[in-house]
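Working notes, structure below.
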Amino acid sequence: MPAVHRFIDDPRLAAYRRTLGPSLVKSAVTETLDAVRRSLPVGGDAPPYEMLLSRVAHELAGEESRGLVEVINGTGILLHTNLGRAPLAEEAIAAIGTIAGGYSNLEYDLEQGSRGSRYARLSSLLREVSGAQDALVVNNNAAAILLVLDTFAKGREVIVSRNQLIEIGGGFRLPDVLQRSGATLVEVGTTNKVYLDDFARALSPRTALLMRSHTSNYRIEGFVADVDVRSLAQLGRRAGIPTLEDLGSGALVDVSQFGLPREPTVREVVEAGIEMVAFSGDKLLGGPQAGIVVGTSVAISRLRTNPLLRALRVDKATLAALAATLRLYLDDAWRTRVPFYRMLGSSIEELQARAAAIVTRLDRAAVDATVERTIAFTGGGALPLAPIPSVALALVPRAGDPNGLAARLRAQRPPLIGRVEERSVLIDLRTVAPGYDAAVIAAVLAAA
Ligand SMILES: *Cc1c(COP(=O)(O)O)cnc(C)c1O
């Protein structure tokens, strides 16, 4: 058997020494060598060094990917929930570095020299981008909904239209969330038709909230009727009942300028008179994971006094990244600064030129690589039916099946995640930042 130190000193394992630490690398080497030794017949020859090395590397790669590793998203899903949703803008990353790497005024009032509130930190910025009177940030949109329900509707009734009883991914089903928060769901209307009068007739002294939720992952078409946001807000105001809109994706800008279907912006829902509007920080906003509630001063200050908020609060890194992302929207250059909108804005010509350049570098690989027109999607439960024209590398292995190639691409560092379609693995370039083209080439050459 080769000596342990030969593996430990091998430059090909250097990256693992940095990411996992020398002692983990050493134990992976000794454990692998022990296992191989045990499996050898008495007097049998040890396998060649290179074979042992690749077995050790395989163990270490597995160990590493049990933690968080960077991946290249070649799926064409821009906000891929499994791959971490929105990539952050450079400004947001820099803000995390500055604020999280040291001390900050997170809960400190610099004027008074005394305790301040983290819950008020971003309210002026959020007022600016949404037009609402006040705002509050929690861990994610699910937490925001839970907080609103717990504050306003515990032990009372929430009226929801039957066409909006959503289930989004990860087990978030609106009826269950309502139940867990101690509220009673009152369903009105039918699956396809709901009228304002259905809501009006369901009002009772026990009504705590009128709720709308964005049907972000399905569409009901055909013989349909729905209640528009303005009418529901008016009904709530007339009856003295608070209104909540779970907007889900939370676009701050009109996404139809990118060829996507028209989505109501946060500002439009606020202007329609809804008292509380909740949305995610890491969907169409393009920021960190967060849940944002914007609304009237009265409603938001009630949310701020709920003790549950302590368990849902965001950390300084999130606040720093969210503030930096929101500030980008105050500037005309936001389109090129927020990665989500940069990806959305890449032209087909630009993607095709990149794909062609990559293909010419792959002629040594054991795959047939071509450039193909594809369809990308927003993802993240937003705009499920909005196809975005895109361009992919189509990789067809000369031997073996595409699933094997896809697995080998995932085994690279960084892993390259594509999607298998018929005989090819497609690597959609809309979700690959141009700076990663060289890494894509390296991954394909190594995997094929
Ligand atoms: C995504 C989504 C949520 C959950 O948001 P998270 O930030 O993932 O917790 C809730 N409601 C709707 C309509 C959504 O689209």
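Considering 312, 326, 351, the condition of being out of contact with any strand residue (DSSP E or B) (no Cβ under 6 Å at 6 or more places or on another chain), within 28 Å of residue 91 (Cβ to Cβ) and open to solvent by less than 40 Å² (accessible area, probe 1.4 Å) is satisfied by 326 alone.
Each row is one residue, and each column tells you yes or no for (1) open to solvent by 50 Å² or more (accessible area, probe 1.4 Å); (2) of a type in the set (Gly, Ala, Ser); (3) within 24 Å of residue 21 (Cα to Cα).
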{"residue": "32", "(1), (2), (3)": "no, no, yes"}
{"residue": "37", "(1), (2), (3)": "yes, no, no"}
{"residue": "64", "(1), (2), (3)": "no, no, yes"}
{"residue": "80", "(1), (2), (3)": "no, no, no"}
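The set of residues in region 66-84 that are touching a helix residue (DSSP H, G or I) at 6+ places or on another chain (Cβ under 9 Å) and either of a type in the set (D, E, K, R) or not in a loop (DSSP other than H, G, I, E, B) (or both) comprises 72, 73, 77, 78, 79, 83.
Is it the case that region 40-61 has a residue that's part of a helix (DSSP H, G or I) and over 27 Å from residue 440 (Cα atoms)? Taking every residue of region 40-61 in turn, at least one turns out to be part of a helix (DSSP H, G or I) and over 27 Å from residue 440 (Cα atoms). In region 410-424, the residues that are over 12 Å from residue 372 (Cβ atoms) and among the basic types (Lys, Arg) never reach a residue that is open to solvent by 60 Å² or more (accessible area, probe 1.4 Å) and at pLDDT 95 or above with C-beta atoms less than 8 angstrom apart, at least six apart or across chains.
From the list 254, 282, the lone residue that is within 11 Å of the ligand (Cβ to nearest atom), open to solvent by 10 Å² or more (accessible area, probe 1.4 Å), among the charged types (D, E, K, R) and at negative phi is 282.
For region 356-368, the criterion of being within 16 Å of the ligand (Cβ to nearest atom), within 30 Å of residue 258 (Cα to Cα) and either of a type in the set (Val, Ile, Thr) or out of contact with any Pro (no Cβ under 8 Å at 6 or more places or on another chain) (or both) is met by no residue.
Checking the stated criteria, residue 177 turns out to be within 16 Å of the ligand (Cβ to nearest atom) and open to solvent by less than 40 Å² (accessible area, probe 1.4 Å). Any residue in region 289-307 that is among the small types (Gly, Ala, Ser), touching a Leu at 6+ places or on another chain (Cβ under 9 Å), over 17 Å from residue 128 (Cα atoms) and in a loop (DSSP other than H, G, I, E, B)? Within region 289-307, one or more residues are among the small types (Gly, Ala, Ser), touching a Leu at 6+ places or on another chain (Cβ under 9 Å), over 17 Å from residue 128 (Cα atoms) and in a loop (DSSP other than H, G, I, E, B).
Residue-wise test of (1) within 25 Å of residue 380 (Cα to Cα); (2) of a type in the set (A, V, I, L, M); (3) not in a helix (DSSP H, G or I).
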site	(1), (2), (3)
190	no, no, yes
199	no, no, no
215	yes, no, yes
256	yes, no, no
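Residues that are part of a helix (DSSP H, G or I) and in contact with a helix residue (DSSP H, G or I) (Cβ under 9 Å, 6 or more places away or on another chain) within region 439-448 comprise 440, 441, 443, 444, 446, 447, listed in sequence order.
Which residues, counting only those in region 339-395, are hydrophobic (A, V, I, L, M, F, W, C) and in a helix (DSSP H, G or I)? Listed by number, the residues that qualify are 340, 343, 344, 348, 351, 353, 355, 356, 357, 358, 359.
Return the residue satisfying two criteria in turn: it lies in region 184-222 and is within 16 Å of the ligand (Cβ to nearest atom) and small (Gly, Ala, Ser), and of such residues it is nearest to the chain's Cα centre (by Cα). The qualifying residue nearest to the chain's Cα centre (by Cα) is 216. Does region 128-174 hold any residues that are closer than 26 Å to residue 117 by Cα, within 11 Å of the ligand (Cβ to nearest atom) and either of a type in the set (Phe, Trp, Tyr) or assigned to a helix (DSSP H, G or I) (or both), and which are they? Result: 141, 142, 143, 144, 145, 146.
For region 404-429, a residue qualifies if it is more than 14 Å from residue 358 (Cα to Cα) and in a helix (DSSP H, G or I), and the qualifying residues are 404, 405, 406, 407, 408, 409, 410.
The values are calculated or read from the model by the stated rules, or taken from the named source; none is laboratory data. What you are looking at is a predicted structure, and each value in this text was computed from that prediction instead of being measured. We place every Cβ from the backbone using ideal geometry, glycine too, and count neighbours over all the protein chains shown. The accessibility values were calculated without ligands, DNA or RNA, using every heavy atom of the protein model including side chains. Shrake-Rupley method; radii C 1.70, N 1.55, O 1.52, S 1.80 Å.
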